[in-house]
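Step one of this worksheet: look at the structure below.
Please treat every number below as a calculation from the coordinates, not as lab data. None of the values given here were measured: they were computed from a predicted structure. Glycine gets a Cβ as well: all are built from the backbone with ideal geometry, and neighbour counts include every protein chain shown.
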C-alpha cells in the first residue's frame, strides 16, 4: 500500500491517458489496472482524466480495476462510497473539482460524481502472488509500490504485468523507479520525461 493523493504525478498520468485514449476509443471493453491504489485517489484521478479525454460513450466502456492489500477492508469502503475530505482534493483544478465533486452533507466532505465512481472497481490483491487479476489490460499503473519490493520480486511482478497487457498496452510506474535490466526489453519507453512504457 502506498499513500497518495488526487492528481499526484499528474504529468505522467496525463501523458498515459492522452497517448492511450485515441487508440481505444472504438473498443467495447477497455480495462485499466491500478495496482497499489490505496484509498482510491489515483484510480479516481485516472477516471477523471479519461472522462476529459474520451467521448461520453467511449468512457462508458472503460473499467478501472483498483487493487491493494487491505486486511481491514477500509480501502474498499472508502472507494465504494467515493467520499473524501476537502484537504485531499486541493490539488484538483477548480473546474474539474466543481464538475466531478459535490458536498455530501458533512462538513468538509465531498462526494465524487457517480459517473466517475461507476468506472472504478476495487478488489483486495497481493502482487507477490504473481497471479494477475485478469488479462488484456490496455494500461497498468503501479506507482510507489515497486520500490518496496526486493529486486527479484520487482522483476517477477513487472513480467506479470507485461503478460497481462494487450499488445502495445501501456505501463506506468513512479518517476524514481527504473525498469530492471532483466525486464527492460519487454517495453519501449514512450517519452524521456516520464516513466511511461508500451508493451513490446
Notebook entry, point to check: Between residue 90 and residue 115, what length comes free when the chain is fully extended (0.36 nm per residue of separation minus the Cα-Cα distance, one decimal in nm)?
Noted result: 6.9 nm
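Report the extension gain between residue 135 and residue 176 in nm, rounded to one decimal, defined as 0.36 nm multiplied by the number of residues separating them, less their alpha carbon distance.
Details: separation 41, 0.36 × 41 = 14.76 nm, distance 2.67 nm.
Separation in residues times 0.36 nm, less the Cα-Cα distance, equals 12.1 nm.
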Item checked: Simple label model, 7 Å out from Cα along Cβ direction - residue 18 to residue 102, nm -> 3.1
Notebook entry, point to check: How far is helix 10-24 tilted, in degrees, relative to the longest principal axis of the Cα atoms in the chain, given as a value from 0 to 90 rounded to the nearest 10?
Noted result: 80
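For the stretch 8-91, what does the relative contact order come out to in percent, with C-alpha contacts under 8 Å and a separation of six or more? It would help to have the intermediate numbers written out before the result.
On the way: 74 pairs, mean separation 29.7, N = 84.
35 percent.
Could you work out the relative contact order of the chain? I mean the mean sequence separation of Cα pairs under 8 Å and 6+ apart, divided by the number of residues, in percent.
22
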Notebook entry, point to check: Could you work out the helix-only [θ] at 222 nm for the chain, with each DSSP H run of four or more residues adding -39,500 (n - 2.57) and the total divided by the number of residues, to the nearest 500 deg cm²/dmol?
Noted result: -10000 deg cm²/dmol
Next item on the list: Rounded to the nearest 10 degrees, what's the angle between the helix 41-53 long axis and the longest principal axis of the chain, both from Cα atoms, 0 to 90?
Entry: 90
Check: By the gyration tensor of its Cα atoms, with a ≥ b ≥ c the square roots of the eigenvalues, what is the shape of the chain: rounded for a/c under 1.5, prolate for a/b over b/c, or oblate?
Finding: prolate
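Contact order normalised by length for the stretch 115-189, with contacts defined as Cα pairs under 8 Å and 6 or more residues apart; what percent is it?
Relative contact order, the stretch 115-189: 37 percent.
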Notebook entry, point to check: With a 10 Å Cβ neighbour count serving as the proxy for reagent exposure, in which order, fewest first, do 142, 37 appear?
Noted result: 142, 37
Next item on the list: State the Cα centre-to-centre distance between the stretch 108-161 and the stretch 165-200 in whole Å.
Entry: 15
Notebook entry, point to check: What is the order of 34, 9, 95, fewest Cβ neighbours within 10 Å to most?
Noted result: 95, 9, 34
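Can you put 139, 160, 39 in order, fewest other beta carbons within 10 Å first?
With the sparsest Cβ surroundings first, the list reads 160, 39, 139.
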